[in-house]
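Quick note: the coordinates plus some simple rules give every number you see, no bench work behind them. Since the model is a prediction, treat every value here as computed from it, not as a measurement. Cβ: placed from backbone, ideal geometry, glycine included. Neighbour counts: every protein chain shown.
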Amino acid sequence: MMPDIDREERRKKRAPVISSIICGALTVTVLIQLLSPGWQWLPLAVGIAAATAVGVSIDPPGRPGTGHPRAGRRSGSGFSGRDRDDDDGPGGPTAHRWRMLVMASLLMPRSAGHRWLAEAESLLSEITAARRGAAIRSYMLSAPRLAAVTWARTVLRQARPGRQRPG
Amino acid sequence: MALRLTVQVQLVLQALLRDPATEMYGLELSEETGLQPGTAYPILLRLEHEGWVASRWEDIDPRAEKRPARRYYRLTAGGAAAASAALAAARRPTGTALRRLAEGGGAA
């Protein structure tokens, strides 16, 4: 993984957006100055443009192990294949898919979600790259139903001890 | 709730019954049955809930093995008997037809 290169890429992609914002703001400022002369518009417009540009250009550093409160032990893009040849960095498709799985696991009760995610990670780290996409899709497709089933089981389990016995 | 013996469930049970004493992990089962892992997992969970299947995490050091621990599944004694009876009772198409059906219906 090469997070510095990835951040540099993102910065390069943002550069034209920032330039457009600044150019647009300056054009609007000049037009306003021409149509309605008054010095009070200028610092305001420049201030807004500068604040927008700074806001867009700020690139928060990557935080390892984010996303899933239960996945604290993990870092990077998940799937734990430490020698995987297709590790594509924190912004790559693998990381995106991993985040999707993490989000789906949050639909389930804590223990069920943890187990599902751990098992998916285990399996996906061993499966061939060609089959990984289909496997992830199948996990994602089955997640909502699995979440419903596991929640129903959890609720039933919790309701059972409190049930009043007749007599 | 009674276990519904769908084609996919039958495939999983058949794979586990091939050698009931041997444990199988998710990927192995997926390859054996032709089912996608996301399809096989809820079935295994349901079978476990019914007491037909028992599972455990592999006891390894993931750093040494350079892979996460696998979850192993095997039929319980009662589960093996129940699965054999259920499969015998169910109408049994050929293995190839089962696989085709599973690929069409469960691998989406």
Using the alpha-carbon atoms, what tilt in degrees (0 to 90, nearest 10) does helix B:37-49 show relative to the longest principal axis of chain B?
-> 80
What net charge is computed for the residues neighbouring A:L123, neighbours being all others with C-beta under 9 Å from the C-beta of A:L123, Lys and Arg scored +1, Asp and Glu -1?
-> -1
Listing A:M100, A:M108 from the residue with the fewest other Cβ atoms within 10 Å to the one with the most, what is the order?
-> A:M100, A:M108
